[in-house]
Each structure stands twice: as C-alpha cells, then as structure tokens.
Amino acid sequence: MKSLVTLPSYANEADFNRLRLQSEQAEARGDIRQSIRATLKMLDLKPSDVATMLVLSGLYGKAGQAEQQLVWTKKILKLQPKHFDAVINQGNAQAALGNTQAAKDSFYKAKDIDPSSPVVPYSLGVLAQSMEKDQEAIGFFQQALKLSPSFEDALFNLAVSQANVGRTREAIAALDRLLKKNPGAEDARQLRDSLVRR
C-alpha cells in the first residue's frame with residue numbers, strides 16, 4: 001500500500017505566513033480584492049482557522065460584500081457560538097443588508113458575551129445613526145465612551161450625531177477631545193473646521 005507524501009508542517013506554516021503578509025500588505029494598499037484572494041488561499045492551508053475566517057469576514061465587509069461577510073461569520077459561529085468579534089461582524093453584515101432587527105439582536109448577543117466592551121454600544125450607535133435616529137445614537141456613543149473614554153470612532157460619531165441635531169458646541173468639544181488624543185485625525189479636523197464656519 002502506497003503512503004501519501006505530505007509536506008512538512010513547517011513548509012505549510014511558511015506558506016501560510018507568506019500569504020498572511022501578502023493579505024496584510026494588499027489591505028494596507030487598499031487592494032481588498034487581492035487581500036481576500038490571499039486570505040482564501042490561507043484557508044486552503046488551514047480550513048478551520050477561526051482567526052483567518054474572521055479576517056476574511058472583515059475583508060468582505062470592507063469590500064461591501066455583506067452576504068459573503070455573513071457566510072463567513074456563520075461558519076465561525078458554528079465552530080464557536082460565543083465568538084464576540086464574529087457576532088459583531090454578523091451584526092454589521094445584517095445592518096448592511098438592511099436587516100435592522102437581526103443586527104440589533106446580534107449586537108445585544110455580543111453584549112451578553114462581553115458586557116464591558118465599548119464596541120457593542122458603539123455598533124448600536126452606528127446602527128441608530130444609519131437610521132437617522134441621532135438622538136438615540138448620541139446615547140449609545142456616550143455609553144461607549146463611558147466604557148472607553150479614548151475610543152476615537154465613538155468620539156467622532158458622537159460629534160456627527162450632535163452636529164446633526166444642532167448641538168454644534170458639544171460636537172466641537174467632542175472633536176477637540178479627539179484631536180487632543182490624536183492630532184493627526186484629519187477627518188475630525190475637517191469636520192471641526194466645517195462646524196466652526198457654520
């Protein structure tokens with residue numbers, strides 16, 4: 001009986017790491033399609049690697065392919081039903097597909113998994129913001145900032161919602177807080193300048 005010839009595991013690991021580097025470099029250049037291709041090849045080498053599936057799910061989200069993002073988060077959740085990041089990605093995909101209630105359910109499931117994470121109220125705030133419920137969004141962003149005072153995305157989105165409801169002075173204060181922590185945040189500086197000119 002013939003025995004199968006297999007590559008030594010270190011060769012597999014070297015290929016896997018080479019592909020991961022290719023994926024990361026492609027993503028850094030903004031070439032999400034190339035990054036997805038490299039990540040899919042990583043999964044050919046390690047089909048059950050949850051961390052790689054999570055990266056792929058996020059890449060599909062960045063590429064605006066919410067259906068594929070959902071496919072991969074479901075694969076992760078079959079293996080690990082309480083995987084926090086996968087549940088958040090699932091909610092993001094559901095929100096992108098317009099399934100608001102399913103997205104909310106996913107975010108609240110994530111809250112059950114990790115009640116201390118600022119990502120949950122932040123995600124609920126983004127969802128409310130997308131539905132033009134800025135007052136509700138403000139409350140969620142403030143919850144996120146109580147849990148993580150230096151959460152830049154929460155500060156920025158808080159300022160956006162405050163500006164949307166006419167609370168310009170508070171929006172500028174939130175942006176000042178963000179810019180104090182990260183003077184290079186160009187989107188925050190541009191928004192602040194436009195609010196000051198109003």
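Angle of helix 50-62 to the longest C-alpha principal axis of the chain, folded into 0 to 90 degrees and rounded to 10: 50°. With the Cα gyration tensor of the range 9-106 giving a ≥ b ≥ c as the square roots of its eigenvalues, does the rule (a/c under 1.5 for rounded; else a/b larger than b/c for prolate; else oblate) give rounded, prolate or oblate? Oblate shape, in that a/c is at least 1.5 and b/c is the bigger or equal ratio. Our summary of shape: the Cα atoms of the chain have principal axis extents of 79, 34, 27 Å, ordered from largest down, in whole angstrom. Entry note, the chain: the mean residue ellipticity at 222 nm calculated from DSSP H runs of n ≥ 4, each adding -39500 (n - 2.57), is -25000 deg cm²/dmol after division by the residues and rounding to the nearest 500. Using only side-chain charges placed at the Cβ, +1 for Lys and Arg and -1 for Asp and Glu, the dipole size of the chain relative to its Cα centre rounds to 40 debye. Relative protection proxy for 25-38, 84-97, 165-178, from highest mean packing down: 84-97, 165-178, 25-38 (other beta-carbon atoms within 10 angstrom).
For the chain, the carbon plus sulfur part of the accessible surface works out to 51%, probe radius 1.4 Å. Dipole magnitude for the range 22-138: about 360 debye, using +1 per Lys or Arg Cβ and -1 per Asp or Glu Cβ, origin at the Cα centre.
The values are calculated or read from the model by the stated rules, or taken from the named source; none is laboratory data. Note that the structure is predicted; figures quoted are calculated from it, not measured. Every residue, glycine as well, gets a Cβ built from its backbone with ideal geometry; the counts of neighbours run over all protein chains shown. SASA here: full protein model, heavy atoms, side chains in, ligands and nucleic acids out. Shrake-Rupley method; radii C 1.70, N 1.55, O 1.52, S 1.80 Å.
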